[in-house]
Amino acid sequence: MTSKRFVLFDVDGTLMDALENEDAPSGVRSGLDAGMTVWSVNTPVPHPDAHRHFATLAEAAPHIVAALGRAIAV
């Protein structure tokens, strides 16, 4: 899996929310360093610094949709 970033901006260009789904330790660290919420996905063992972990993308998908829906509703 390639890293997937979901970034939402307000109409004035202000960053509202950012979520990164990552399967590589360096990607998790990069997302955290950028101030993003990071979920490890498609890895059998969670990254110790990730905010959440999902073993498969199918398991993560409804949570991704829900997180984006909450951010858009704000």
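Bear in mind these aren't lab numbers, they're just calculated from the coordinates by the rules spelled out. For clarity, every value in this text was computed on a predicted model and none was experimentally measured. Backbone-built Cβ (ideal geometry, glycine too); neighbour counts: all protein chains shown.
General remarks:
- Residues in the range 48-65 that are assigned to a helix (DSSP H, G or I) and within 12 Å of the chain's Cα centre (by Cα) were compared, and the one that is surrounded by the fewest Cβ atoms within 10 Å (Cβ to Cβ) is Val65.
- In the range 28-47, residue surrounded by the fewest Cβ atoms within 10 Å (Cβ to Cβ) [restricted to those that are part of a loop (DSSP other than H, G, I, E, B) and of a type in the set (Gly, Ala, Ser)]: Gly35
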